[in-house]
Amino acid sequence: MITPLVVVAALGRNGAIGRAGRLPWSLPGDLARFRAITMGKPLIMGRATHEAIGRVLPGRETIVVTHAADFAEAPGLLRAAGPEAALALAQDRAAAMGAREIILAGGAMLFSALMPRAARLRLTLVDLAPEADAFFPPIDPASWREEARVEASSCQGDEARYAFVDYVARRRDDSA
């Protein structure tokens with residue numbers, strides 16, 4: 001059985017997801033949601049995203065996509081040479097962990113490469129348009145159908161308003 005790929009990201013009105021290797025905002029409420037969605041699942045992310053986080057996230061297995069052969073694996077941290085290798089490894093790890101989803105957590109190049117393979121998008125739409133150097137790919141309404149939208153309650157330390165929006169991939173015979 002194929003474990004579905006789920007994209008999890010926070011993006012600004014202008015599609016911004018990062019600037020100089022960092023998130024362009026502080027949203028503790030969104031980080032709590034990220035933790036809840038990703039706990040107990042394999043995460044795929046690029047090297048720069050992993051370095052920006054700065055540590056192995058507990059309760060998850062992280063698969064870092066990098067060509068660097070000297071990338072140091074550690075408990076909970078695995079290396080894949082490319083997106084397809086990461087997906088194959090994530091499938092194996094999801095089965096071993098009993099996870100029902102594989103999470104794609106960034107960055108921009110991996111979102112572009114793997115979004116067509118995703119079954120679901122779990123996005124945080126941030127009510128800001130910050131300067132950025134990393135952007136989320138456009139969401140094509142022919143490929144994605146909005147399934148749920150919840151305006152988030154403000155959390156202490158949140159720098160902006162935001163909404164949690166879930167999309168599901170449209171099948172070829174989806175007409176609505």
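Quick notes
- Residues VAL150, VAL65, ranked from the fewest to the most other C-beta atoms within 10 Å, line up as VAL150, VAL65.
- Computed [θ] at 222 nm, helices only, for the chain once each DSSP H run of length n ≥ 4 contributes -39500 (n - 2.57): -6500 deg cm²/dmol
- DSSP-defined antiparallel bridges as percent of all bridges, the chain, nearest 5: 45
- If the convex hull is drawn through the Cα atoms of the chain, its volume per residue in Å³: 117
- Counted by neighbouring Cβ atoms within 10 Å, the residues HIS67, HIS50 run from fewest to most as HIS67, HIS50.
- Ordering TYR167, TYR162 from the fewest to the most neighbouring beta carbons within 10 Å gives TYR167, TYR162.
- DSSP loop trypsin sites (Lys or Arg not before Pro) with at most 16 other Cβ within 10 Å excluded, longest remaining stretch of the chain: 101-160
Any read-out appearing in this document is the output of simple, stated calculations on the displayed coordinates, not a laboratory observation. Just so it is clear, the model here is predicted, and its values are computed rather than measured. As a convention, Cβ positions derive from the backbone with ideal geometry for all residues, glycine included, and neighbour counts pool all protein chains shown.
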